[in-house]
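Inspection log for the structure reproduced underneath, given as structure tokens.
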Ligand SMILES: [Ca+2]
Ligand SMILES: [Ca+2]
Ligand SMILES: [Ca+2]
């Protein structure tokens, strides 16, 4: 056995060598290997940067390529959208109601956590920003397969500014980084707690240095399902916004009938006895206009958000999300 010659190099010998002739192994995929002699990381499909050889074997060492992509995107939520400014209102921030830890990976949302661990947080100091870059809320972002847009390959939680910029939790201004996702073409899906999600119409190229802005507030087409008749986004003040009113997160905005969002608002308020009441200072899915209050009747109530989106004259209409799953 000639194992000792390899362990002296601080690298792993995959095969025990029974002869003195040189050995060579080609990996079919990148990864990490460990053993009693040490460990090494390896990649494939890249130029060899150095060779390590010894009487017992040979290793061709490639460049360890960083695997990440970044996303620059813009999106507006219709719930807090303010026609007067063209920005979203930031009542959740100004009332100190946005949780410092992302809400999506836990109840009641429990959204998929892929490629990176969840639980992103942001610094309390970011709440002092009160300009167009002030924080509105957390978003949930999915990177999906170019060959099958139903296949989610990575998820990440990020922050939304008043002017629609989708930014990293790390500093509240930078593009969103996805670790362990190689550069390539992907569908990009953006979702929010009580709004219908939106996705690019086609795959887009994302890389570590990608600087193309995906502006969902102006791009003329987004992903559509042939089974859904409503438009995938709402139009307000010449901008596209996401439909608000999905308080129960079942991918549609519904005023009447089974699993409607209107009843959820009333239940959240405490039931029919509280129909004219107000639940204040909350961070809840039933708060459809995101003003920090749950109201069923009277000024700025959340029920009206649902009714206006399905149509005051067509309360049985259902507005559905086009993005699959
Ligand atoms: Ca901004
Ligand atoms: Ca719903
Ligand atoms: Ca509200």
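Note on 240, 283, 187: ascending count of other Cβ atoms within 10 Å places them as 283, 240, 187, the fewest first. Here the gap between residue 84 and residue 325, fully extended at 0.36 nm per residue and compared with their Cα-Cα distance, gives a gain of 83.4 nm. What separates the Cα centres of segment 249-303 and segment 208-244 is a distance of 25 Å.
Shape verdict for segment 268-309, please, from the Cα gyration tensor: rounded (a/c under 1.5), prolate (a/b greater than b/c) or oblate. Oblate, since a/c reaches 1.5 and b/c is not below a/b. Ranked for footprinting exposure by Cβ neighbours inside 10 Å, fewest first, 290, 199 give 199, 290. Sorting 139, 214 by the number of Cβ atoms found within 10 Å of their own Cβ, with the fewest placed first, yields 214, 139.
Note on residue 94 and residue 173: with the Förster distance fixed at 25 Å, the Cβ-Cβ geometry gives a FRET efficiency of about 0.85.
For segment 226-314, the Cα-based Rg and Dmax, in that order, read 13.2, 42 Å. Contact order for segment 68-241, expressed relative to its length and based on alpha carbon pairs under 8 Å spaced 6+ residues apart, stands at 28 percent.
Read the figures in this text as sums done on the coordinates, not as results from a lab. Everything quoted here is computed from the prediction, not taken from an experiment. Note that each Cβ is placed from the backbone with ideal geometry, even for glycine, and that neighbours are counted across all protein chains shown.
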